[in-house]
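Visitor: To start, I am sharing the structure in question, which I have written as structure tokens.
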Amino acid sequence: MTSGAAAGRYARALFDVVLKEVPAEAEPVLTQLQDLASLFTGNATLSSVLSNPAIPIAKKMAVTKALLERAGTIAPPLAKTLLMLAERDRLAILPDIARIYRDRLTDHQKVIRGEVTTAVAIAPARLQALRQGLEEATGRKVVLEAKVDPSIIGGVVTRLGSTVYDGSVTTQLAKMKQSLIEAGQ
């Protein structure tokens, strides 16, 4: 099983258990999971120890238990998942599990993430109006991230999930160029 497939299975199992046992904890578990993933990946020594196949699993389990004790309040399903990952020598996939868990949670909450790219910074009021229009069009709550890319010259490129709405000047110029080339032949 690939690490991506394994991460998907662990994330789905964790999400399902959290929804069944402590549904109100779904968002806090995501925060805890992301914090722990950052801890594991952000500390080079810890990351190399926990991903090194030469280090015995018993030591990895001990390190994970010590981290959980120092972390404070961790949701029981998440603590069990971390210990299971340590036992199976799969702690390296924790960042992937966090990403997939986040995607499942936002899908469960009927939230869609997107990004809006403009040539210059967009005013917060315009971003809010765009977000509201997208919420009406999709019937879901929309969370937008604004980005600036001067190369689009003007207009807006909006990405919602896998759908891209490209109203940039660069794209319009490229379409006009293609039309002129086709008309000249």
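Visitor: Pairs under 9 Å by beta carbon, first residue under 10 Å from residue 101 (Cα atoms) in the range 2-16, partner acidic (Asp, Glu), six or more apart or different chains?
Guide: 7/96; 8/96; 10/96; 11/96; 11/103
Visitor: Cβ-Cβ under 6 Å, sequence separation 6+ or interchain: first residue in the range 64-90 and without any contact (Cβ under 8 Å) to a residue 12 or more places away in the chain, partner of a type in the set (A, V, I, L, M, F, W, C). Which pairs?
Guide: 79/68
Visitor: Could you tell me how many of the residues in the range 20-40 are surrounded by fewer than 16 Cβ atoms within 10 Å (Cβ to Cβ) and not acidic (Asp, Glu)? Outline the logic, then answer.
Guide: If we filter the range 20-40 for residues that are surrounded by fewer than 16 Cβ atoms within 10 Å (Cβ to Cβ), which is where we start, we get 20-24, 27-28, 31, 35, 38-39.
Imposing the further condition that a residue be not acidic (Asp, Glu) reduces the set to 20, 22-24, 28, 31, 38-39.
Residues meeting the conditions: 8.
Let's see how each residue does on (1) in a strand (DSSP E or B); (2) at pLDDT below 85; (3) surrounded by fewer than 13 Cβ atoms within 10 Å (Cβ to Cβ):
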{"site": "136", "(1), (2), (3)": "no, no, yes"}
{"site": "144", "(1), (2), (3)": "yes, no, no"}
{"site": "151", "(1), (2), (3)": "no, no, yes"}
{"site": "159", "(1), (2), (3)": "yes, no, no"}
{"site": "171", "(1), (2), (3)": "no, no, no"}
{"site": "177", "(1), (2), (3)": "no, no, yes"}
{"site": "180", "(1), (2), (3)": "no, no, yes"}
{"site": "183", "(1), (2), (3)": "no, no, yes"}
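Visitor: Which condition number in (1) more than 20 Å from residue 31 (Cα to Cα); (2) part of a strand (DSSP E or B) is the one that residue 127 fails?
Guide: Failed condition: (2).
Visitor: May I pose another question? When residue 72 is evaluated against the numbered criteria (1) at pLDDT below 90; (2) surrounded by 14 or more Cβ atoms within 10 Å (Cβ to Cβ), which criterion, by number, is the only one it fails?
Guide: Residue 72 satisfies every listed condition except (2).
Visitor: Between a first residue in the range 111-131 that is touching a residue at least 12 places away in the same chain (Cβ under 8 Å) and a second residue that is of a type in the set (D, E, K, R) and not in a helix (DSSP H, G or I), which pairs have beta carbons less than 6 Å apart while being 6 or more apart in sequence or on different chains?
Guide: So the pair list comes out as 111/141; 112/140; 114/159; 115/145; 115/147; 115/159; 117/147; 117/149.
Visitor: On to the next question. Any residue in the range 24-53 that is in a helix (DSSP H, G or I) sitting within a Cβ distance under 8 Å of a residue that is loosely packed, with under 13 Cβ neighbours inside 10 Å and at pLDDT 85 or above? List the pairs, counting only those 6 or more apart or interchain.
Guide: Filtered contacts from the range 24-53: 26/108.
Visitor: Here are some residues: 74, 97, 122, 93. Which one is outside any helix (DSSP H, G or I) and assigned by TED's automatic domain parsing to the domain that holds residue 17? Before the answer, list the steps.
Guide: On the way: 97 fails: outside any helix (DSSP H, G or I); 122 fails: assigned by TED's automatic domain parsing to the domain that holds residue 17; 93 fails: outside any helix (DSSP H, G or I).
Only one candidate passes the filter, namely 74.
The values are calculated or read from the model by the stated rules, or taken from the named source; none is laboratory data. Predicted, not measured: the structure shown is a model, and the values here were computed from it. Here Cβ is always computed from backbone atoms with ideal geometry, including for glycine, and neighbour counts include all displayed protein chains.
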